[in-house]
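Read-outs throughout are calculated quantities, based only on the coordinates presented, and are distinct from any laboratory measurement. None of these values were measured; they are calculated from a predicted model. Positions of Cβ are backbone-derived with ideal geometry, glycine not excepted, and every protein chain shown enters the neighbour counts.
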There are 2 protein chains.
Amino acid sequence: MENRISAGVETIIPKDFRNSVRKGQWRKPTAGVCKGYAQANLAILPKSVADDFLLFCVRNPKPCPVLDVIEAGSIRPGIGQDSDIRTDLPRYKVYHKGELVAEPDNLLEIWRGDLVSFLLGCSFSFETALMAAGIKIKHIDLGLGCPVYSTNIACRPAGVFQGNMAVSMRAIPKKMVMKAIQITSRYPSVHGAPVHVGDPSEIGIEDIEKPDFGDAVPFAPDEVPVFWACGVTPQLVAMKTRPEIMITHYPSHMYVSDLLNEELAAL
Amino acid sequence: MENRISAGVETIIPKDFRNSVRKGQWRKPTAGVCKGYAQANLAILPKSVADDFLLFCVRNPKPCPVLDVIEAGSIRPGIGQDSDIRTDLPRYKVYHKGELVAEPDNLLEIWRGDLVSFLLGCSFSFETALMAAGIKIKHIDLGLGCPVYSTNIACRPAGVFQGNMAVSMRAIPKKMVMKAIQITSRYPSVHGAPVHVGDPSEIGIEDIEKPDFGDAVPFAPDEVPVFWACGVTPQLVAMKTRPEIMITHYPSHMYVSDLLNEELAAL
């Protein structure tokens, strides 16, 4: 996750930001843009497997919090006014049978009528809340990617979809851990409370210095690792089935919605 | 909702209670049984419309909080050990194309492989929490059915499913309203915070003394009406589509799950 923000982009409203993206004026990470508004992970799958995928998400709400579903035949998110899911993210990844085949700026040429789009809650929302309470997020301060790990925590399967939970980790000073649990508990639709605090081996993480995604972060002596269910989980689980086509956001290039983070804390 | 409890049934564990039901030893309302455990509304639909129904629930989590989905081909709830959805509720209602055709004790003879079962959060859970905090629930104290009203609050549609939200109403002393909001906010998967406090006409209710379901309750001078999204909503919405077959629990004869209410407050 990068943190380079152009002046003014913090305070622009999401509809205007999405317009800029659509016009090709923004192809960078979205961390920090439209401060206060929820950003979302994107997973697009064909209708033939989308119903099972929705059930998988419903059964595993901590790693897979559904903010919106765009049905086959539509391109309009319910959580973004006048928005087009094919053009309103800065960059996408396209997979055929699990293999990356393109990283396009938009999906206009490859769109099909049977595609179903899932917008899933993103940790940016709760990181904002943590920082607002004075809890520093080290990977942001250091300009690193958030460290993400595979675990031995099994998700509840649904249809063809099954697998273990991926978690994101933040190094939190011991005396702030309780506060971090309290704050993120308020956001059940963006991963909620941590799934684990402390010894990484208890959830099957062998080496905290070797994340499966993102970058390792250094620990200060008073810091403990705190693990949250991660939105990478549904992508990994879906990819395992090698779907005929799957489209996701490009890492850190998220969908910026009209939902306020604070709305997510009061559903 | 009735409140006649046999001795011992309050403290029996859900698995044992469901066994009694399955053996035909309990055909009464479930209010008050297995204290502390979450009870659930049941809606069973054919697979042909079940995927759209799940999406409807995901889009309208306040009236339609999904606790569990049993896929076509299975009869085993994920939230009740060794349980059979065809036998473990005290009574059912069966509708063909929107017309009530039977009120059987079990579904063994009419079960089909294409039926999908939805277990949805029930207000019993948050009423328990309200009462534990000293907030009296009048319809329970008076032995009446909880008053439920149609409103003009539109649900987000999904596929063939659309309609307005139904709400349940509790008369709460003015000085306890804030507490009631705080307490039920802790239970987003059992309807969460109220959707409205005060003037019923603001949400399209013409006469508070004429509920669409349940019984009217008298108001004391210091009491205001407080409205929560109601689990009757998904049933009404599904029934409007006149599905070829739909099965529900018999009113107040719920599914008693292994989930603790307090677990629902910490997802």
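Averaging the sequence gap over all C-alpha pairs within less than 8 Å and six or more residues apart, then dividing by the number of residues, gives chain B a relative contact order of 31 percent.
In a reduced charge model with +1 at each Lys and Arg Cβ and -1 at each Asp and Glu Cβ, the protein assembly as shown shows a dipole moment near 160 debye about its Cα centre.
With the simple model of a label 7 Å out from the Cα in the direction of the Cβ, B:GLU263 to A:THR11 spans 4.8 nm. When each of the peptides A:35-46, B:128-139, A:226-237, B:187-198 is scored by the mean number of other C-beta atoms lying within 10 Å of its residues, the order from highest to lowest reads A:226-237, A:35-46, B:187-198, B:128-139. Normalised by 2.2 N^0.38 Å, where N counts its residues, the alpha-carbon radius of gyration of segment A:24-137 equals 1.14. Average projection, convex hull of the Cα set of segment A:101-166: 7.9 square nanometres. Sort segment B:43-84 into rounded, prolate or oblate with this rule: let a ≥ b ≥ c be the square roots of the eigenvalues of the Cα gyration tensor; rounded if a/c is under 1.5, and if a/c is not under 1.5, prolate when a/b is larger than b/c, oblate otherwise. Since a/c reaches 1.5 but b/c is at least a/b, the shape of segment B:43-84 is classed as oblate. Across peptide A:179-186, the mean count of Cβ atoms from other chains lying within 10 Å of each residue's own Cβ comes to 1.
Residues whose amide H falls under 5 Å from that of B:ALA166, counting only those 5 or more places apart or on a different chain, are B:CYS230, B:THR233, with hydrogens built in the peptide plane. The overall shape of segment A:185-265, judged from the alpha-carbon gyration tensor, is oblate: a/c is not under 1.5, and a/b is no greater than b/c.
Which entries in A:LYS15/A:LYS138; B:LYS28/B:LYS240; A:LYS28/A:LYS97; B:LYS15/B:LYS93 show an alpha-carbon gap greater than 25 Å? Over 25 Å Cα-Cα: A:LYS15/A:LYS138; B:LYS28/B:LYS240; A:LYS28/A:LYS97.
Rg and Dmax over the alpha-carbon atoms of segment A:145-236 stand at 13.2, 44 Å. Kirkwood radius and radius of gyration were both taken over the C-alpha atoms of chain A, and their ratio Rg/Rh is 0.94. Placing +1 on the Cβ of every Lys and Arg and -1 on the Cβ of every Asp and Glu, with no other charges, gives chain B a dipole of roughly 200 debye about its Cα centre.
Each label point was placed 7 Å from the Cα along the Cα-to-Cβ direction; for B:ASP222 and A:GLU209 their separation is 6.5 nm. Considering only A:MET176, A:MET131, A:HIS249, the residue lying farthest towards the positive end of the dipole of chain A is A:MET131, judged by Cα position with unit charges set on Cβ. Each eigenvalue of the Cα gyration tensor of the protein assembly as shown, multiplied by 5 and square-rooted, gives one semi-axis; in descending order these are 40, 26, 24 Å. Computed from label points 7 Å out along Cα-Cβ, the spacing between A:SER201 and B:GLN25 is 4.7 nm. Net length available on complete extension from B:ALA154 to B:HIS96 is 18.3 nm, with 0.36 nm assigned per residue and the Cα-Cα distance removed. Counting Cβ atoms of other protein chains within 10 Å of each residue's Cβ and taking the mean over peptide A:53-62 gives 3.
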